[in-house]
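Here is the structure we will look at, set down as structure tokens.
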Amino acid sequence: MATAQEIVGKHTADAPVNIEGLVEDLGVELVRKADLHPLIAGQIECIEPNRFRISVNKNDHYYRRRFTTAHELAHFLLHRNLIARGVDDTKAYRSLDIGNFNNQNITREHEVEANRFASRVLMPKDLVRKYHGEYAGDITLLAKKFQVSEEAMGYRLQALGLA
């Protein structure tokens with residue numbers, strides 16, 4: 001059986017990162033185009049003991065759904081003990097009473113941590129540095145290569161000192 005590190009390595013070896021495969025290989029069910037409240041980007045729910053499902057809003061752009069998938073995966077990996085029945089995240093990644101779950105266990109700090117994780121897993125620093133050089137720092141080309149928004153790529157470049 002592969003370790004979590006081996007599974008992550010398999011899916012993050014090149015851009016774009018295969019976030020969907022990573023989620024599924026870690027044993028989490030994924031609903032790529034879910035019917036969610038228009039203001040909810042995604043959710044993770046405990047569907048039975050030790051079984052989880054991530055659902056992302058079908059109306060969001062594909063790049064947004066990728067980031068949301070990675071964000072919800074962060075909750076699974078980092079905050080599993082806080083998920084309870086589930087966590088839903090608005091477009092600003094906050095759990096409110098408009099979705100299926102209003103989980104007050106997840107704080108703003110947890111959400112920041114999940115965003116940081118999503119950024120790092122979708123845009124691994126070594127790959128960003130490699131393609132930053134190849135694409136002469138063109139943020140539009142980099143965002144397309146990594147299948148993330150230009151805004152997300154901009155934040156990642158700043159975090160890596162490449163902006």
From (1) closer than 15 Å to residue 23 by Cα; (2) not assigned by TED's automatic domain parsing to the domain that holds residue 15, pick out the condition that doesn't hold for residue 112.
(1)
Where residues in segment 65-103 are charged (D, E, K, R) and within 17 Å of residue 146 (Cβ to Cβ), which of them is farthest from the chain's Cα centre (by Cα)?
65
Checking the structure you have, find out if any residue of segment 137-144 is modelled with pLDDT under 95 and either over 14 Å from the mean Cα position of the chain (by Cα) or not β-branched (Val, Ile, Thr) (or both).
yes
Qualifying residues in segment 41-58 (those that are of a type in the set (S, T, N, Q) and touching an Asp or Glu at 6+ places or on another chain (Cβ under 9 Å)) - the one surrounded by the most Cβ atoms within 10 Å (Cβ to Cβ):
43
Among (1) surrounded by 14 or more Cβ atoms within 10 Å (Cβ to Cβ); (2) under 18 Å from the mean Cα position of the chain (by Cα); (3) aromatic (Phe, Trp, Tyr), the one test that residue 62 misses:
(1)
Going by the conditions given, is residue 84 small (Gly, Ala, Ser) and surrounded by fewer than 15 Cβ atoms within 10 Å (Cβ to Cβ)?
yes
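The values are calculated or read from the model by the stated rules, or taken from the named source; none is laboratory data. Fair warning: this is a prediction, and the values are worked out from it, not measured in the lab. Glycine also receives a Cβ, built like all others from the backbone with ideal geometry; neighbour counts cover every protein chain displayed.
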